[in-house]
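Note sheet for the following structure.
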Amino acid sequence: MIRFLVLSLGLILATPVVAAVEIEEVETQGGLTAWLVEDHTLPFAVIDIRFRGGTSLDDPDARGAVHLMTGLLEEGAGDRDSQAFARELESLAASLSFDASDDAVSISARFLTENRDQVMALLRDVLHAPRYDQDALDRVRGQVLSSLRSDATDPDAIAGETLGAMIYGDHPYGSGGEGTIDSVSALTRDDMLAAHDAVFARDRLYVGAVGDITAEDLGVILDDLLGDLPDTGAPIPDPVDPVFQGGEIVVPFDTPQSVALFAQPGIDRDDPDFFAAYVMNHMLGGGGFESRLMDEVRKKRGLTYGIYSYLVPKDLASVYFGSVASANDRIAETVSVVRDEWAQAATDGFTEDEVAAAKTYLTGAYPLRFDGNARIASIMVGMQMDDLPIDYIATRNDQVNAVTVEDVNRVARELLDPEQLQFVVVGQPQGLGEASN
Amino acid sequence: MLISRAAALVAMLCAPPVLAQTMADAVTEFELDNGMQVIVVEDHRAPVVQHMVWYRAGSADEPAGSSGIAHFLEHLMFKGTDTLESGELSSTVAANGGRDNAFTSYDYTAYFQRVAADRLGLMMQMEADRMRNLRMTEDEILSERNVILEERNQRVDNNPRGLFNEQLNAAQYLNHRYGVPIIGWRHEMETLDREAAIEFYDRHYAPNNAVLVVSGDVTPDEVLALAREHYGPIPANPDITERVRPQEPPQNAERRVIYRDARVAQPYVARSYLAPERNSGDQDKAAALFLLSDVLGSGPTAYLKQVLEYDQKVATYVGAFYSGVSLDQTSFDLVIVPAEGVSLEDAEAALDAAIASFIETGVDPEQLDRIKMQLRASQIYALDNVDGIANLYGRALTSGLTVEDIEAWPELLQTVTGEDIVEAARSVLVPETSVTGWLMQDKEVTQ
């Protein structure tokens with residue numbers, strides 16, 4: 001866990017607490033790099049390992065393979081079938097979790113110090129001696145298909161799928177990484193082995209460790225665990241330029257509340273204006289109760305339970321998303337209010353006071369994120385994947401504070417684009433655009 | 001403000017970041033003169049604090065006909081007071097770099113803020129203010145009522161599983177308010193007004209009906225001083241009485257609920273049984289039930305998963321759930337999602353057969369050892385998250401349990417035997433108190 005320093009205790013109400021996470025870069029003998037926060041307060045540690053690529057590495061003819069492969073990682077390894085593997089993990093009171101997203105496959109291991117070697121031996125077999133037994137494959141495939149069937153009648157999932165296909169087209173981002181009923185039904189054991197080889201390689205590997213472990217021990221563990229992986233895996237696809245037509249697309253679906261997603265071009269994480277955009281989004285729709293969208297749509301008009309907007313800079317495209325849901329007879333008003341707010345923010349910008357309040361919140365809330373070993377490990381891996389410097393945590397609030405109202409309003413003018421702002425509405429909305437097929 | 005800041009600084013500089021070795025070590029309990037219970041959970045690793053006030057009032061304490069009023073009031077608590085504008089509490093928390101929210105359940109309503117530790121006094125000042133001085137206008141009431149109706153749309157009406165669960169609960173409880181949804185029945189929500197909100201507020205919101213739970217970088221002495229300053233002056237409400245709700249009559253007929261909806265893509269079977277809850281000084285049976293739910297449904301080696309997912313392959317998913325933290329009688333729940341090509345009828349029969357064979361065979365002692373080992377380890381992992389410990393105390397203390405009960409629980413779980421678990425299954429998993437639900441696809445799919 002980290003320690004914080006209070007740098008200033010002035011009488012100004014909003015003196016920010018500054019996070020001083022002591023991250024150490026560990027170079028292993030075998031040439032791997034990891035970030036470590038060593039803290040022996042509690043007798044356990046968390047190691048987070050991320051492989052860049054994720055479900056976007058799927059062979060187009062085997063969509064869903066990386067996702068299913070990831071789901072099978074806990075279904076046995078080496079000489080243990082899935083039951084034997086689970087029994088061993090339970091008796092060690094450890095957890096291994098595996099996850100696949102558009103951009104990465106993640107492994108998170110949490111273990112008591114006394115059981116560290118045995119847990120690492122298990123994880124080593126997961127990576128180097130996978131089984132992909134046919135009965136496990138069929139069982140987990142059944143779970144994925146069940147979830148895909150549920151998505152087919154879930155308004156949120158329908159909206160996400162429709163919007164993704166519209167803006168990303170044939171790019172992997174344009175379809176769900178879980179695959180389709182047809183593609184998943186056709187996956188074979190060979191597809192699992194191919195996906196394994198596509199994903200796990202040294203040239204795309206990021207590691208964060210937190211807790212009761214020394215740099216020396218971590219180095220030895222990582223060399224043993226990851227040193228023998230191949231140098232490279234499947235090529236990462238090219239970036240995609242998302243296309244936004246603007247307007248509203250309605251997907252008819254018989255349900256009382258319409259679900260709306262909206263999207264327009266976003267901003268890259270390494271863009272010099274990213275922080276200005278981040279502060280701007282906080283005021284527009286990112287700041288929960290305090291955002292303009294929440295104020296106008298929920299507080300003033302009672303049109304929704306919640307409305308949010310998010311900057312989503314992914315590896316291969318950056319999009320600015322939002323989501324809201326209103327009863328079928330009220331969603332048209334919601335869409336119209338969002339469009340008005342979008343246009344007004346672009347034209348008139350934000351006030352000095354709003355920007356000051358947003359910066360106070362964002363800088364004050366930042367240290368609250370580092371609340372636990374697993375959380376810190378995950379943040380550290382994310383920082384590495386975003387190519388941020390190791391001292392980023394100490395300087396991040398300065399970057400937020402450096403944003404001026406002029407920056408925010410210039411970025412609002414340049415970024416916010418009411419013309420391109422595309423809505424997908426799933427439900428039976430009254431008084432909204434034409435239906436798609 | 002200045003004094004508490006200085007105290008915080010001194011505490012931070014002097015106290016090494018030592019952490020308690022058990023949950024109980026981290027926790028201090030005391031009571032204010034006006035009857036407000038106070039719990040402090042210490043963790044000095046980061047200068048952050050979570051401040052929560054839990055009221056011993058939830059949806060099961062509502063008057064008949066006003067379902068949803070406990071939750072509606074929770075929303076209205078973010079409107080103004082005599083000295084705070086509407087929304088000012090949240091914006092003040094945000095302006096101090098903090099986050100706030102609230103939640104409502106059957107047995108409690110809780111409000112919380114997470115913020116830098118030196119802002120604790122300000123949080124208490126505002127929370128104490130709205131315990132007494134809530135004000136709201138007619139316009140705000142109408143607008144916020146639309147918000148909770150949209151919340152109901154989102155959580156329940158737009159989701160066949162939400163609607164199905166409401167019907168199952170209503171069938172499980174013949175007389176108790178646990179059968180009424182926390183968010184409320186729509187037709188009653190539509191009639192909720194200022195008068196009903198104020199009545200619930202006046203009846204239940206008082207220091208002697210609340211628990212203050214502060215976790216993070218604070219010392220018990222600091223919390224006590226601040227709590228005396230901010231909550232101390234609020235008089236106790238002498239009309240607060242013990243919570244006595246209508247209880248269940250004997251349940252002697254198994255019930256079936258069939259819910260059809262065109263939006264259902266994945267049918268499944270849900271089964272619940274009326275079950276005893278954890279009671280103060282009497283948690284043995286609940287401990288056995290807690291382990292029963294682990295033995296049957298937690299993790300890949302659980303009995304039902306082995307039999308129904310791995311061996312017979314009739315289920316895509318099977319689970320067992322029991323929490324036990326509840327003021328009145330609760331339920332033990334099972335769910336089975338049939339594998340493709342398996343009917344709900346066959347899945348239900350396989351589930352019943354598996355339960356019967358479990359009671360016949362008994363508990364695998366190695367599995368029980370593994371579960372107990374995991375429970376012991378979870379006590380260590382829990383120390384990494386003091387806000388989680390704070391939640392656990394808040395929930396238990398508003399559900400009829402004491403600090404002693406909470407602290408006895410982990411050890412109690414370690415003493416449960418395989419025989420205790422089978423006996424719990426035999427006595428609780430009986431048809432007479434059960435509800436079996438089928439969530440089915442409507443024959444006519446209109447899309």
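Values computed for the structure shown
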| item | result |
| --- | --- |
| Residue with peak Gaussian network fluctuation, chain B [Cα springs, cutoff 10 Å], from B:A225, B:A315, B:A170 | B:A225 |
| Cross-link reach list, lysines versus B:K313, counting only Cα pairs under 16 Å and skipping chain neighbours closer than eight places | B:K305 |
| Principal-axis tilt of helix B:344-361 within chain B, Cα atoms, nearest 10 degrees | 80 |
| Cut-off 14 Å (backbone N to label point 7 Å along Cα→Cβ of B:T83), residues of the stretch B:207-239 | B:229-234 |
| Spin-label proximity, B:D311 to the stretch B:347-374 - amide N less than 18 Å from point 7 Å beyond Cα toward beta carbon | B:347-368 |
| Cα gyration tensor category, rounded, prolate or oblate, for the stretch A:2-226 with a/c compared to 1.5 | oblate |
| Estimated FRET transfer efficiency when R0 is 22 angstrom, pair B:S427-B:A349 (beta carbons, to 0.05) | 0.45 |
| Global geometry of the protein assembly as shown, whether rounded, prolate or oblate, following the gyration tensor of its Cα atoms and the 1.5 cut on a/c | rounded |
| Probe 1.4 Å, protein heavy atoms only - accessible area per residue of the protein assembly as shown in square angstrom | 39 |
| Stretch gain in nm, segment A:D398-A:D190, where the contour uses 0.36 nm per residue and the Cα spacing is subtracted | 69.9 nm |
| Degrees between helix B:418-428 axis and first principal axis of chain B (Cα, 0 to 90, nearest 10) | 80 |
| Spin-label pair A:V312/B:R260, simplified geometry with 7 Å Cα→Cβ offset, distance in nm | 3.7 |
| For chain B, share of DSSP beta bridges that run antiparallel, in % to the nearest 5 | 80 |
| Under 26 Å from the Cα of A:K314 - lysines, other chains or at least 8 residues apart | A:K359 |
| Cα long-axis angle, helix B:284-297 against chain B (0 to 90 degrees, to the nearest 10) | 60 |
| Of the DSSP H helices in chain A, those whose Cα atoms cover at least 24 Å axially and whose Kyte score averages -0.5 or more | A:331-348 |
| Alpha-carbon centroid distance for the pair the stretch A:117-151 / the stretch A:291-353, whole angstrom | 40 |
| Cα gyration tensor shape for the stretch A:320-437, rounded if a/c is under 1.5, else prolate or oblate | prolate |
| Proximal aspartates and glutamates to A:K300, defined as alpha-carbon separation beneath 12 angstrom and excluding residues fewer than eight positions away on the same chain | B:D139, B:E140, B:E144 |
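The values are calculated or read from the model by the stated rules, or taken from the named source; none is laboratory data. Note that this is a predicted model, so its numbers are computed, not measured. Methodologically, a virtual Cβ is constructed for each residue, glycine included, from the backbone with ideal geometry; neighbour enumeration extends over all protein chains shown. Side chains included, ligands, DNA and RNA excluded: accessible areas come from the protein's heavy atoms. Shrake-Rupley method; radii C 1.70, N 1.55, O 1.52, S 1.80 Å.
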